[in-house]
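The structure under discussion appears below in the form of structure tokens.
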Amino acid sequence: MSSKQIIDIVLPFKETFTPLNAGAVATVVSDLTYHSMLDCEMHIYGRPLSSPSFPQLSYYPLKPKWPLLFGNNIGIARSYIANLNRRDISPALIEVHGRCQVARIIAKMRKDLKVALFLHNDPRTMNGGKTREERLWLSKNLAGIFANSAYIKNCFLDGFNQQEIAETPIFLTPLGANRTLTQKPLKQNVIIIASRIVPEKGILEVTKALCDILPEFPEWKVKIIGAKHFANHSMSDYEKSVRLALSPLKNQAEMLGFLPLAEVNKELAEAAIAIVPSVWQEPASRAVLEALANGCALITTRRGGIPERAEGRAILIDNPNHQSFSNALKSVISDPNIRAKLQDVAWQDYPFDCANMAQQTDQARKHAMGV
């Protein structure tokens, strides 16, 4: 039996921990686990899978307990606690990803163990984190709160006084994404939008802008990668509206649906321009990092945590709408010097690899474990 300390990682129920269907959280967890330098065993818990999990990682499927009564996420938490209570060796840290309520339940039911919460989104929108009082409970009862951007860190601390902020064990653990290319790629006249196809991602607004601009540039085309979910399901009404809005572009536009990350990176490597058109307060945006890692000229928005990585490396739109997207697109497509400058800075100034992300998260974990 290994003498290493154990870190248990609990995923949200919706996350599918496989290379083929991984969403944003599952991708981050796999990267953190592969690149961690801690001398610990990482045990990852989540929903049952229908295809193999990430290779060489220890994944333990859990069937939600009483999901009709409590919901799937609380059902996963209760199944995890039941599993934990049967084990001879307790983890040095339980790291709950993305669910305030799950972290609270585990911390209340196993007060003898250290629990950390890794935030990927604004906790003020989540059960168990919406109010200042709920977040204060977490700050006083968890061993650590990990935030994937300064924006999300500030969301958690919203309404706290200076003493409460000073006493909160909160750590900045920003996202990373590896560059798979070894040399600057040759680019084609292709624009990529790689995103979930949902209203807050601004897909329809930028689609309308593309329809205004691309007919002036018949040598260019756009590819939209993604779906509502992190896999291909039946098309949502919003996806259908995007497809309809694209239809005037005919052969200049293509919707590819959900693709595994390796295929997304292949498409980005060939694309001259990438757009991340979020109209909501984006927590951190891995899509921004993937565009920069592949040397794309990036157009994105000044929303949430995006400027923390994109400032100085992209065109940042202050007020994202149909017209502002049209203006930005026309400037980058029509001026090869602007395009080349953005591609150069994306390629030459990229410090956001997964090893750097894992190093910062490992330090936060060590603080939470008290080592």
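The values are calculated or read from the model by the stated rules, or taken from the named source; none is laboratory data. Being a predicted model, the structure only gives us computed values, none of them experimental. Cβ: placed from backbone, ideal geometry, glycine included. Neighbour counts: every protein chain shown.
Points to keep in mind about this one:
- Lone unmet requirement of (1) over 17 Å from Ile306 (Cβ atoms); (2) part of a loop (DSSP other than H, G, I, E, B); (3) among the hydrophobic types (A, V, I, L, M, F, W, C) for Ala177: (1)
- Selection count, region 331-367, where residues are assigned to a helix (DSSP H, G or I) and either in contact with a strand residue (DSSP E or B) (Cβ under 8 Å, 6 or more places away or on another chain) or farther than 19 Å from Phe118 by Cα (or both): 23
- Condition check for Gly202: at pLDDT 95 or above and within 21 Å of the chain's Cα centre (by Cα): yes
- Matching option when the condition is modelled with pLDDT under 95 and in contact with a strand residue (DSSP E or B) (Cβ under 6 Å, 6 or more places away or on another chain), among Lys65, Lys4: Lys4
- Enumeration of residues in region 258-272 that are part of a loop (DSSP other than H, G, I, E, B) and surrounded by fewer than 17 Cβ atoms within 10 Å (Cβ to Cβ): Pro260
- Pair list, Cβ under 7 Å, 6 or more apart: region 57-75 residue under 28 Å from Asp31 (Cα atoms) and assigned by TED's automatic domain parsing to the domain that holds Asn127, other residue modelled with pLDDT under 95 and crowded, with 16+ Cβ neighbours inside 10 Å: Gly75/Lys65; Gly75/Pro67
- Only one entry of Ile106, Ile165, Ile89, Ile145 meets the criterion of being within 22 Å of the chain's Cα centre (by Cα) and of a type in the set (Val, Ile, Thr), and that entry is Ile145.
- Cβ pairs under 7 Å, 6+ apart, first in region 128-141 and in the same structural domain as Gly159 (by TED's automatic domain parsing) and farther than 15 Å from Gln163 by Cβ, second acidic (Asp, Glu) and surrounded by fewer than 20 Cβ atoms within 10 Å (Cβ to Cβ): Gly128/Glu134
- Search result, residues across region 283-307 that are crowded, with 18+ Cβ neighbours inside 10 Å and not hydrophobic (A, V, I, L, M, F, W, C): Pro283, Ser285, Arg286, Glu290, Asn294, Gly295, Thr300, Thr301, Arg303, Gly304, Gly305, Pro307
- Among strands (runs of 3 or more DSSP E) entirely within region 44-145, having at least 1 residues that are of a type in the set (Gly, Ala, Ser) and surrounded by 16 or more Cβ atoms within 10 Å (Cβ to Cβ) singles out 115-119.
- Any hit, region 11-18, residues being at negative phi, surrounded by 13 or more Cβ atoms within 10 Å (Cβ to Cβ), among the hydroxyl-bearing types (Ser, Thr, Tyr) and part of a strand (DSSP E or B): no
- Filter result for Ile275 (part of a strand (DSSP E or B), out of contact with any Leu (no Cβ under 6 Å at 6 or more places or on another chain), in the same structural domain as Ala340 (by TED's automatic domain parsing) and crowded, with 23+ Cβ neighbours inside 10 Å): yes
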